[in-house]
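The values are calculated or read from the model by the stated rules, or taken from the named source; none is laboratory data. Worth saying up front: this structure is predicted, and the values here are computed from it rather than measured. Please note: Cβ atoms are built from the backbone with ideal geometry, for glycine as well, and neighbour counts cover all protein chains shown. All accessible areas refer to the heavy atoms of the entire protein, side chains included, with ligands and DNA or RNA removed. Shrake-Rupley method; radii C 1.70, N 1.55, O 1.52, S 1.80 Å.
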Amino acid sequence: MPQNNYAPRSRSAHFGGRRPGGFGGRGNSGGARRKNGNKQLIDPARFVQAAKIVEAEVYTPTHMFADFAISDLLKRNIATKGYTAPSPIQDQAIPLALEGKDVLGIANTGTGKTAAFALPLLNAILEDKSKRALIMAPTRELAAQIEEELRAYARGSGLFGALVIGGTSMGKQIRELRSNPNVVIGTPGRLKDHTQQGTLDLSQFNIVVLDEVDRMVDMGFINDIRILLGMIADDRQSLFFSATMEPKVASLIETFMPGHITVSVKTGTTSANVDQNVVHYGLEEEKLEKLHDVLIDPVVVKSLIFHETKYGAERLSKALNDRGFKTEAIHGGKSQSHRQRALDAFKANKVTTLVATDVAARGIDVSDVTHVINYSIPNTYDDYVHRIGRAGRAGRKGFALTFVRK
Ligand code: AMP
């Protein structure tokens, strides 16, 4: 079947298509299976830290994009994206991945890791169209975001991809998978569903990417990942990315990526360029007033507010709207299409306040968030680091405020 045209045959199947909207799916938080029972007690002192001088962190890449052995088309598309120099993870991982090595990238979110795997895999497929890549990500939003970036890098190549995530129509995904996309991007649960019903044959795939492995493990996807990796061709290239190396992550890597090369660009346990502080409140009733005070401060231009539960997030978003703050919410109680719309409105600055649960917000890339507000304390310090990593992306200074009861 000829798929190599770039015409809108099936728009969402192409790296030129539109994101599939939801069709009233159950809309959980990207298949979240995390147990919230065991909350860590975090010393509030850890929520206070001044941002480091960003200039001290300037990185001098050893390559320019022009130096990489990638096709001219990819180089042109990178230039169109406006990238001038590779980020550290790109600088170090891309040459190894282009040599066909298995690479483990230890990198925080916002470090440019998507391009670090996307460019080598697209280049490999452009050189050998029989190659196929599978990309797994923890949440629907992150998978959709990866698809969007791949589309930009692959523009004009004739390659196409399928986005296989929960909360959207199975039928449409089945049609897309039937036309043998070059790249399949998805969340583990839905990918497994397709393999079980025979609509996805992973033995055809010879490049596999796991993005945010630690998050996927945290969310209870480890068994699904093991099953899926077990189905992929033995003769394959693996590119795994994780912000941390907890034991379960290490065991996955040991089993599925022996002989890999590790590239680590982690700078510290927390985002160095985020100014972190606490907001004290007394009674529960005071909390919303304090948040109101924070939000009316003119320095708070665009804020991402974390709240614990989907009910809490929804209630808070309504309360803020009632107070005149243009607010949207993303959480597991909303359908995929509603979540995507809320995220798009936030990205386009139609709303400047977004209330989110941890799982719904994981991995989302909104580059101009000035403030992350922890309206509820995260379950673990690791979650805290992930939350505040949403502010101060792409080298900008960001702010994190955590609400702590007096
Ligand atoms: P990621 O960590 O892949 O989510 O990327 C974080 C943000 O950095 C995204 O908005 C990317 O478009 C952007 N980005 C990635 N690579 C570069 C680069 N080399 N130069 C400038 N921006 C980049």
- Task: Starting from residues that are open to solvent by less than 10 Å² (accessible area, probe 1.4 Å) and within 17 Å of residue 124 (Cα to Cα), keep the ones in the range 178-189 and report whichever is farthest from the ligand (Cβ to nearest atom).
- Result: 181
- the range 45-75, subset exposed (fewer than 13 other Cβ atoms within 10 Å of the Cβ) and modelled with pLDDT of 80 or more, residue nearest to residue 157 (Cα to Cα): 72
- Task: Please work out if residue 116 is open to solvent by less than 40 Å² (accessible area, probe 1.4 Å), closer than 22 Å to residue 262 by Cα and in a helix (DSSP H, G or I).
- Result: yes
- Could you tell me which residue of the range 309-365 is modelled with the lowest pLDDT, considering only residues that are closer than 24 Å to residue 108 by Cβ and in a loop (DSSP other than H, G, I, E, B)? 363
- Identify, please: which residue in the range 190-206 is modelled with pLDDT of 95 or more and more than 17 Å from residue 163 (Cβ to Cβ) and is, among those, most open to solvent (accessible area, probe 1.4 Å)? 196
- Query: In the range 62-87, what count of residues is obtained for those that are free of Cβ contacts under 8 Å to residues at least 40 places away in the same chain, within 11 Å of the ligand (Cβ to nearest atom) and β-branched (Val, Ile, Thr)?
  - Reply: 1
- Of all residues in the range 123-177, which are away from the ligand (no atom under 13 Å from the Cβ) and assigned to a strand (DSSP E or B)? 133, 134, 136, 160, 161, 162, 163, 164
- Here the residues within the range 125-147 that are among the acidic types (Asp, Glu) and closer than 18 Å to residue 190 by Cβ are 141, 147
- Query: Checking residue 265 against (1) closer than 27 Å to residue 166 by Cα; (2) modelled with pLDDT under 90, which single condition isn't satisfied?
  - Reply: (1)
- Criterion (under 20 Å from residue 384 (Cβ atoms) and open to solvent by 60 Å² or more (accessible area, probe 1.4 Å)) met by exactly one of 277, 273: 277
- Can you pull out the residues in the range 88-97 that are touching a residue at least 40 places away in the same chain (Cβ under 8 Å) and either within 7 Å of the ligand (Cβ to nearest atom) or farther than 15 Å from residue 60 by Cβ (or both)? 93, 96, 97
- Does the range 185-197 include one or more residues that are closer than 29 Å to residue 382 by Cβ, in a helix (DSSP H, G or I) and acidic (Asp, Glu)? yes
- Those residues of the range 145-162 which are buried (at least 24 other Cβ atoms within 10 Å of the Cβ), within 23 Å of residue 356 (Cα to Cα) and touching a Lys or Arg at 6+ places or on another chain (Cβ under 9 Å) amount to 147
- Message: Just to be sure before I move on: is residue 173 over 12 Å from residue 74 (Cβ atoms), open to solvent by 10 Å² or more (accessible area, probe 1.4 Å) and not assigned by TED's automatic domain parsing to the domain that holds residue 344 in the structure I sent?
- Response: no
- Query: In the range 377-388, how many are open to solvent by 10 Å² or more (accessible area, probe 1.4 Å) and either within 19 Å of residue 405 (Cα to Cα) or assigned to a loop (DSSP other than H, G, I, E, B) (or both)?
  - Reply: 4
